[in-house]
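Novice: To start, I am sharing the structure in question, which I have written as C-alpha cells.
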Amino acid sequence: SSWWSSVEPAPKDPILGVTEAFLADSNPSKVNVGVGAYRDDNGKPVVLECVREAERRIAGNSNMEYLPMGGSIKMVEETLKLAYGENSEFIKDKRIAAVQSLSGTGACRLFADFQKRFLPDSQIYIPVPTWANHHNIWRDAQVPQRTFHYYHPETKGLDFAALMDDIKNAPNGSFFLLHACAHNPTGVDPSEDQWREISYQFKVKGHFAFFDMAYQGFASGDPERDAKSIRIFLEDGHLIGLAQSFAKNMGLYGQRVGCLSVLCEDEKQAIAVKSQLQQLARPMYSNPPVHGALIVSTILGDPDLKKLWLKEVKVMADRIIGMRKALRENLEKLGSPLSWEHITNQIGMFCYSGMNPEQVDKLTNEYHIYMTRNGRISMAGVTTGNVGYLANAIHEVTK
Ligand code: PLP
C-alpha cells in the first residue's frame, strides 16, 4: 500500500458538476444557467473596457517584484473608499485594518482564521441558505457554525420576522455573517428600513457583523447604493468586518483580487490587527498577487477610468435586470398561473426560482437546461436569444 491509500475522492462540487455536464451535451439548444460568472447577451465572457485600458497602461511599466505582505497599499486605499465612502472619517482616522486578499474567498478565510486565533471560543451565525463555500471556510478555520433564518420559501422573499427573532435569541456578542447586497443564492436582500432594524438590534445585542460583499455595483448598478447596508451599520457605530471582491464587479474572476478589512476602535488597534492579519497570511501564501491589484488601483485611481468602470458595471447590472423582466413577462405571456413576481423582486446575479430538484432534473433531461438542483438560476446566463426557450421549459415543468 502507498502513502495515500486511505484517501478517497472528495465529493464533487455541485456547481462545477453542472458545467461539466453542460459542456458534454451536444444539443444546440442547450442553456447553462448554472455559472456564477457574467456573460454578455451572446452568452460570452466579458473583459471590461476599463480593464483592457488599465492593462495597456500597465504593460511594460511594471516590474514583477513582491507586493508588501498586506498587498498593494494603493489598491487597498481605493477599495476601502468604495465600501466605507469616499470621505469616510474611519479612513482619515486610520481606524481600518485592511489587507489585500485572494479575492472574496480569501478575505472570508483570512477573517475566519483571525476570528479563531483571537476569539477561539466564538461561533459564526450563517444565513439559511448561503453561498455553500461559507460553510467550508468557517469549517476549515474550525469556527463552530450556527444558522439563522433568512429566506422564506413561500413568499420567496426575506423571512424578516424569523431573522429578527434569531438575532434577538443569539447570545449577546455573537458573530453574524451578512451578505452586504445581492444575496447568493437567493437574490433576496433586506430593504433599507429592514437593514436599519437589523443594525439597531445588533447594537442592542452587541453582535459583530461580518459583511461579505462579493457583488458591490452588481445589484443595483451603482456601487454607492449597494454599499447602503454597510453605511447604515457604520452610522450606527458598529465595528464591522468586511470582505470585498473584484471578481464580479470588475470581471477579474481569475485574478483573485479583493480586500479584507476590520474597523477598529482607534489607529493603534488597527495597526495591531493589520499586523496579525499579515502574520496569518505569511505562512499560507506570503503575499498576494500583483497583477490584478495593479489593474484595480489603475482603474480606481484614475477619474476617467473609474467613470468608465461605473458605466460598465451599470451595463452589466442593467442587462441582468432586463433579463429578469423578460423572463417574468415570458412566463406570464405563456399563461403560467403561478406567481413569478419574485424573479423581478430578487436582485443580483441569481434568481431563486422556487423550482424543486425534480423539476430541475426535468429541465436538464428534457430541455438541456443546466443549473443547480436547488432551483437557482444564474441570470447572467440568460440572453435575448434563450429567454423564450427557458421560459417555455420552466412553464412546462411547473405546470
Ligand atoms: N461570497 C459570495 C457570496 C459569493 O457569491 C462569491 C462568489 O461566488 C464569493 C464570496 C467569492 O468569490 P471570489 O473569491 O471569486 O471573490
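Derivation of every value follows stated rules applied to the coordinates shown; laboratory data play no part. Small disclaimer: the values here were computed from a predicted structure and weren't measured. We place every Cβ from the backbone using ideal geometry, glycine too, and count neighbours over all the protein chains shown.
Novice: For 35, 128, which order do you get if you count the other beta carbons within 10 Å of each Cβ and list the fewest first? All intermediate terms of the calculation are to be shown ahead of the outcome.
Specialist: Working: 35 20, 128 14.
By the 10 Å Cβ count, ascending, the order reads 128, 35.
Novice: What ranking do 88, 191 get, fewest neighbouring Cβ atoms within 10 angstrom at the top?
Specialist: Lowest count first: 191, 88.
Novice: Next question. Given that compact globular proteins tend to follow 2.2 N^0.38 Å, what is the ratio of the alpha-carbon Rg of region 183-258 to that value? Can you show the working numbers first?
Specialist: Values: Rg = 13.2 Å, N = 76, 2.2 N^0.38 = 11.4 Å.
Dividing the Cα radius of gyration by 2.2 N^0.38 Å gives 1.16.
Novice: Reachable aspartates and glutamates from residue 205, Cα under 19 Å, same-chain residues fewer than 8 places away excluded?
Specialist: Here the aspartates and glutamates satisfying the reach criterion relative to residue 205 are 121, 165, 166, 193, 197, 235, 236, 265.
Novice: For the chain, what is the calculated [θ] at 222 nm in deg cm²/dmol (nearest 500), taking -39500 (n - 2.57) for each run of four or more DSSP H residues and dividing by its residue count?
Specialist: Only helices count here, giving -14500 deg cm²/dmol.
Novice: Where a Cα-Cα gap under 18 Å defines reach, which lysines qualify for residue 399, not counting those fewer than 8 residues away within the same chain?
Specialist: 333, 362
Novice: What do you get when you divide the Cα radius of gyration of region 257-398 by 2.2 N^0.38 Å, with N the number of residues?
Specialist: Rounded to two decimals, the normalised Rg is 1.51.
Novice: Tell me which residues come under 5 Å, amide H to amide H, from residue 180 once H is placed; ignore anything under 5 positions away on its chain.
Specialist: 212, 213, 214
Novice: From the square roots a ≥ b ≥ c of the eigenvalues of the alpha-carbon gyration tensor of region 82-234, which class results: rounded (a/c under 1.5), prolate (a/b over b/c), or oblate?
Specialist: Cα axes put region 82-234 in the rounded bin.
Novice: Shifting gears a bit: Roughly what % of DSSP beta bridges within the chain run antiparallel, to the nearest 5?
Specialist: The antiparallel proportion sits near 45 percent.
Novice: From the backbone phi of region 56-70, what are the Karplus-calculated ³J(HN,Hα) couplings (6.51 cos²θ - 1.76 cosθ + 1.60, θ = phi - 60°) in whole Hz, Gly and Pro given as x?
Specialist: Ordered by residue, 3J(HN,Hα) equals 4, 5, 6, 3, x, 9, 10, 9, 10, 5, 5, 7, x, 4, x Hz.
Novice: What does the extension gain come out to for residue 268 and residue 339, with contour length at 0.36 nm per residue minus their alpha carbon separation?
Specialist: 20.2 nm
Novice: Please give the Cα centre distance for region 132-150 versus region 188-260, rounded to the nearest Å.
Specialist: Spelled out, the Cα-based centre of one part sits 18 Å from the other.
Novice: Assuming a viscosity of 1.567 mPa s and a temperature of 4 °C, what translational diffusion coefficient in µm² per second does Stokes-Einstein assign to the chain, Rh being the Kirkwood radius over Cα pairs?
Specialist: 59 µm²/s
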